[in-house]
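Here the structure is laid out as structure tokens; the discussion comes afterwards.
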Amino acid sequence: MKELESERPKRKRILVIGGGFAGLEFIKGLNRTSIEIVLVDRNNFHTFQPLLYQVASGSLSPDSIGFPFRKRIAKMPNVRFLKAEVNRVNPNENQVVTDIGKVDYDYLVLAQGSKTNFFGNKSLAQRAMQLKTIPHALDIRSEFLQEFEKAARLISTQEKSHALNFVVVGGGPTGVEVSGALAEIKRHILSRDYPEINPELMQIYLIQADPQLLTGFSEKSSAKAKAYLESMGVKVFLNTPVKTYEGKELGFGDGESIQTETVIWSAGVSGNQIEGFKEEAWERGRFLVDAYHESIEYKGVFALGDIALMKTKENPKGHPMVAPPAIQQAENLVYNFKHPNKKREFRYKDKGSMATIGRKKAVVDMGRIHVSGSLAWWIWMVVHLLSLIGFRNKLAVVFNWALKYFSWKNTIRLIIRPYQRANGRD
């Protein structure tokens, strides 16, 4: 960090932790201003998380949804990137401690996003798979391919069935999309690539603790998503909380269980907390901020996106931990930095929710308008395509989607990095 500090200009510095949707939108808004911005992230790339499930299911390659930070900020003269792991913040000294040194700041913006929430269940945290990063997605891709290879060499039908039981826990958009993608693999890939396996032996379970899928969506869209999944052969269990998982058997609160070696957990997220702030600055794993995005406890410290907890009359539990609020919050904070004498409070504009289940099967909620089927599927694709960063990524995704639409042959079936379970592999 000596080089960075020695070159520091005599101007205010904003240190941004995390290059997700909120972090990048904030930086973009303050491009070519008189403020120096330092972006700190453990990775050197931005991940387009809404399409992670397509990397996990082998429909897209990782570089289709990843974009290098340095390529993004290369033409931003007042922005620097630092690849580092943040260990703690010393707010009284206006300093962040990383694994490669200390960085001073005048203003701090927390935008490090969220992590998987296992709700204190240690057995699930140790053995279940999660889907928050590109490495997670590659692990899932390797896992189901390895189970296919294992099932192909087994003789016993019972053993084959056990290897081909896939369980997704959590009925939000990620869980629904992963389940639908696995169902399409069963229908269109398994019988063609693995003649030794009867596709009917592959079972996909979607487990939801709540009474409906897609909590937060309309009842109509939730019911439609459930109907789509069941028509594709997915077994949907509602009002079914998960209790234990020891690597071979997933146990539920009612005493029932499923024999499975593959559990993908998408049942919740919590804020990525950073050490150094007092306990009162946090609530339910999120950083408490006022209507201007500033910390309740610390002057000059702001938070955006999943990590931020801004309580309002409309959202007493905070805003949804998804991309649209994060982007809108970043835009509002940019405005406040540019207009310090006429700051505006944040008002979230909910533009709707959407989830895709499979080809020509999706649901979209936009206020009182509820769309499903082919139209919703096309809306989902267009919105996600336009939201991708980089022309090359857009082109790669369009090409892969088109190829899959006409042939089903683009699914990537490479076990490049074999996945090893915490409890070992047979």
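Taking segment 253-298 only, how many residues are out of contact with any helix residue (DSSP H, G or I) (no Cβ under 7 Å at 6 or more places or on another chain), of a type in the set (Asp, Glu) and closer than 30 Å to SER179 by Cβ?
Total meeting the criteria: 2.
Please go through segment 145-169 and pick out each residue that is closer than 15 Å to GLY247 by Cα and under 28 Å from the mean Cα position of the chain (by Cα).
Residues satisfying the conditions are GLU147, ALA163, LEU164, ASN165, PHE166, VAL167, VAL168, VAL169.
Just give me the residues in segment 98-124 being aliphatic (A, V, I, L, M) and modelled with pLDDT of 95 or more, in sequence order.
Those that are aliphatic (A, V, I, L, M) and modelled with pLDDT of 95 or more: ILE100, VAL103, LEU108, VAL109, LEU110, ALA111.
Determine which single condition VAL363 fails, assuming it passes every other condition in (1) open to solvent by 80 Å² or more (accessible area, probe 1.4 Å); (2) closer than 21 Å to LEU213 by Cα.
Here VAL363 meets the rest and fails (1).
Scan (1) under 16 Å from the mean Cα position of the chain (by Cα); (2) part of a loop (DSSP other than H, G, I, E, B); (3) hydroxyl-bearing (Ser, Thr, Tyr) for the single condition SER59 breaks and write down its number.
Unmet for SER59, out of (1) under 16 Å from the mean Cα position of the chain (by Cα); (2) part of a loop (DSSP other than H, G, I, E, B); (3) hydroxyl-bearing (Ser, Thr, Tyr): (1).
Looking only at residues that are touching a Lys or Arg at 6+ places or on another chain (Cβ under 8 Å) and open to solvent by 40 Å² or more (accessible area, probe 1.4 Å) in segment 268-283, which one is nearest to ALA326 (Cα to Cα)?
Of everything passing the filter in segment 268-283, VAL269 is nearest to ALA326 (Cα to Cα).
Given the criteria aromatic (Phe, Trp, Tyr), out of contact with any Phe, Trp or Tyr (no Cβ under 7 Å at 6 or more places or on another chain) and at pLDDT 95 or above, does TYR228 qualify?
Spelling it out, TYR228 is indeed aromatic (Phe, Trp, Tyr), out of contact with any Phe, Trp or Tyr (no Cβ under 7 Å at 6 or more places or on another chain) and at pLDDT 95 or above.
Taking only segment 38-57 into account, find how many residues are open to solvent by 30 Å² or more (accessible area, probe 1.4 Å) and touching a strand residue (DSSP E or B) at 6+ places or on another chain (Cβ under 8 Å).
4
From the set of residues in segment 251-301 that are in contact (Cβ under 8 Å) with a residue 60 or more places away in the chain, among the hydroxyl-bearing types (Ser, Thr, Tyr) and touching a Ser or Thr at 6+ places or on another chain (Cβ under 9 Å), which is nearest to PHE346 (Cα to Cα)?
Step by step, filter segment 251-301, then rank; the result is SER270.
Go through segment 377-421 and report how many residues are loosely packed, with under 13 Cβ neighbours inside 10 Å, β-branched (Val, Ile, Thr) and in contact (Cβ under 8 Å) with a residue 12 or more places away in the chain.
Residues flagged as loosely packed, with under 13 Cβ neighbours inside 10 Å, β-branched (Val, Ile, Thr) and in contact (Cβ under 8 Å) with a residue 12 or more places away in the chain within segment 377-421 amount to 1.
Pairs under 8 Å by beta carbon, first residue touching a residue at least 60 places away in the same chain (Cβ under 8 Å) in segment 138-149, partner of a type outside the set (A, V, I, L, M) and in a helix (DSSP H, G or I), six or more apart or different chains?
Correct list of pairs: LEU138/PRO62.
The values are calculated or read from the model by the stated rules, or taken from the named source; none is laboratory data. These numbers were taken from a predicted model, which means no experiment stands behind them. No Cβ is skipped: glycine too gets one built from the backbone with ideal geometry, and neighbour counts run over all protein chains shown. For accessibility, only protein heavy atoms count, side chains too; no ligands or nucleic acids. Shrake-Rupley method; radii C 1.70, N 1.55, O 1.52, S 1.80 Å.
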